[in-house]
Amino acid sequence: LLGIVHLLVSLGIVLASDKFLKQAFAAASIKFPSALFGMFCVFSVLVVLDAFAPALAKGFMDFFEPSTLFIQRWLPLFYVPSLVVLPLAVKDVPAASGLKIFLITFGGWFASLMVAGYTALTVRKIVKTQLIPAEPMSKPSPFATLEFWAWGAVFVASFAVAYINPTALGTTARTCLPFLLASTVLGYMVGSGLPSGIKKVLHPIICCALSSDLAALAYGYLSRSGVDAVLGDYLTKAPTNPGAGDVLMGFLGSVIISFAFSMFKQRELVKRHAAEIFTSIAIASTFSLYSTAVLGRVIGLEPTLTISILPRCITVALALSIVSFFEGVNSSLTAAVVVLTGLIGANFVQAAMDKLGLNDPIARGIGTASSAHGLGTAALSAKEPEALPFCAIAYGLTGIFGSLICSVPAVRQSLVFIAG
């Protein structure tokens, strides 16, 4: 019971901080991602406390550990909503444009991997810093049978209520929220428990999105409202009438703030290998943004679609913040392309790095996270624990650097100009 209270309090503080910062930044008309500012604040507080009162810094870390483990455990769920509603997002995207987007995504992922990996390898050879063991990283607990039964019961009961009375909770979105949320969670838990061989074909995120879409399809058919209407209720983007997807995406700001804790935990590693890490991330992030704009222009992709997929190698939470700097973008497409990039990396990154001769743990970690963010990191962590700390660092810093440079008006203007 104390553990649950501890989790609720620590997670509640993180969520409340994110909400407060969003409101404050909106009121001040500041376009810079509020959660990123929050992350810098938390990291700064930890650094100051560590310098003057190390015990307080440790206590601060220990207090928020349950919330960071919760976010880490459920992280892929927060990416899923935009993938679930992808059928709505691509309805107006021509098939030819869809093929171009896929080519840019796959080719861009491979190019970004090469640039990040070889940059890290080159700098590593120059500085010749000896690799030392990293701080061990906590792993979230596996899913229990009770959790499956609990979420299954929620799904069945709430689906029946929604079928009998579609506006039982006031609106169709609120009424559908429990069973659609349960279908997403159940899909993720089932996908996470699949054998590793099947996961290469059916990634937990794909399983999760399919589960949600099947639930929406079933309810749309039985209620005769249609699947498009149910998907519209899944992600309403209306704070006063949230759907299941809105609840999940509400954690994205907290994900960014939680980066501060993982960065602080690996601060000695960052300090020791700063040259490799920051040089690789700066070059890879800049290359990813501008190469996407150039490729879009070269193969004739519509400028708005090109801008929408610029942050393809950056984690969803920060990718959505980046495209919010631009006008007329399709944010659902942004999130879907980011997830697609991660899935490509999760399936092919290890084989690609082996072929490219990227054998150094630092190069492998930075290359993976800089090209395929969190999903690539998760795939690499299972077999290469020595590369995981560098993945975790690069995963957050790639998005941070991309957000920082895109907050500069001249950079945004140049990207829009290149895209056409």
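The values are calculated or read from the model by the stated rules, or taken from the named source; none is laboratory data. In this text the structure is predicted, and so the values were computed from the model without any measurement. Here the Cβ positions follow ideal geometry from the backbone for every residue, glycine too, while neighbour counts run over all protein chains shown. All accessible areas refer to the heavy atoms of the entire protein, side chains included, with ligands and DNA or RNA removed. Shrake-Rupley method; radii C 1.70, N 1.55, O 1.52, S 1.80 Å.
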Task: Normalised contact order of region 311-378, rounded percent, pairs of Cα under 8 Å and 6 or more residues apart - done: 40
Task: Kirkwood hydrodynamic radius (C-alpha pairs) into Stokes-Einstein, region 145-248, 20 °C and 1.002 mPa s, D in µm²/s - done: 155
- [ ] Write down Rg/Rh for region 295-420, rounded to two decimals, with Rg from the C-alpha atoms and Rh from the Kirkwood relation over Cα pairs.
- [x] 1.01
- [ ] Give a quick list of trypsin sites (Lys or Arg not before Pro) in region 87-133 that DSSP marks as loop, anything other than H, G, I, E or B, with at most 11 other Cβ atoms within 10 Å.
- [x] Lys91, Lys128
Open item on the list: Below 8 Å between Cα atoms, with a sequence gap of 6+, how large is the relative contact order for region 1-75 in percent?
Closed with: 40
TODO: Quick one: compute the contact order of the chain, relative version, from alpha carbon pairs under 8 angstrom and 6+ residues apart, as a percent.
DONE: 23
Open item on the list: Can you work out the Karplus-derived ³J(HN,Hα) for every residue in region 275-290? Use 6.51 cos²θ - 1.76 cosθ + 1.60 with θ = phi - 60°, whole Hz, and x for glycine or proline.
Closed with: 4, 5, 5, 6, 5, 4, 5, 4, 5, 5, 5, 5, 4, 4, 5, 6
TODO: Report, by chain and number, residues whose modeled amide H sits under 5 Å from the one on Leu358, excluding near sequence neighbours (fewer than 5 apart, same chain).
DONE: none
Open item on the list: Along the Cα→Cβ direction, 7 angstrom out, place labels at Ala351 and Ala160. What is the inter-label distance in nm?
Closed with: 4.6
- [ ] Choose one of Val85, Ile206, Phe390: the residue whose Cα lies farthest towards the positive end of the charge dipole of the chain (beta-carbon charges +1 Lys, Arg; -1 Asp, Glu; about the Cα centre).
- [x] Phe390
- [ ] Would you mind counting up the charge near Gly38? Only other residues with Cβ under 14 Å from its Cβ, with Lys and Arg at +1 and Asp and Glu at -1.
- [x] +1
Task: Read-out Cα Rg over 2.2 N^0.38 Å, derived from the coordinates shown; its label in (i) 1.21; (ii) 1.04; (iii) 0.97 - done: (iii)
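Going by a ≥ b ≥ c, the root eigenvalues of the Cα gyration tensor, does region 1-75 fall in the rounded group (a/c under 1.5), the prolate group (a/b larger than b/c) or the oblate group?
Oblate, since a/c reaches 1.5 and b/c is not below a/b.
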Open item on the list: Give me a comma-separated list of calculated 3J(HN,Hα) values for region 227-236, in order, Karplus coefficients 6.51, -1.76, 1.60 applied at θ = phi - 60°, integers in Hz, x for any Gly or Pro.
Closed with: 5, 4, 5, 5, 5, x, 6, 5, 10, 8
Task: Karplus (6.51, -1.76, 1.60) ³J(HN,Hα), θ = phi - 60°, over region 73-81, in Hz, Gly and Pro reported as x - done: 5, 9, 3, x, 4, 6, 8, 5, x
Task: Stretchable slack from Asn359 to Ala26, in nm (0.36 nm times residue separation minus alpha-carbon distance) - done: 115.4 nm
- [ ] Taking every pair of alpha-carbon atoms in region 358-420, give the share separated by more than 18 Å as a whole percent.
- [x] 43
- [ ] With 19 Å as the limit, write out which pairs from Lys128/Lys355; Lys100/Lys237; Lys58/Lys265; Lys91/Lys199; Lys22/Lys237 have Cα-Cα distances beyond it, or answer none.
- [x] Lys128/Lys355; Lys100/Lys237; Lys91/Lys199
Task: Accessible area of region 145-248 divided out per residue, in Å², using a probe of 1.4 angstrom - done: 49
- [ ] Using only protein heavy atoms and a 1.4 Å probe, report how much of Phe287 is accessible, in Å² to the nearest 10.
- [x] 70
- [ ] Measure off, as a whole percent, the carbon and sulfur share of the 1.4 Å-probe accessible area of the chain, all protein chains present.
- [x] 71
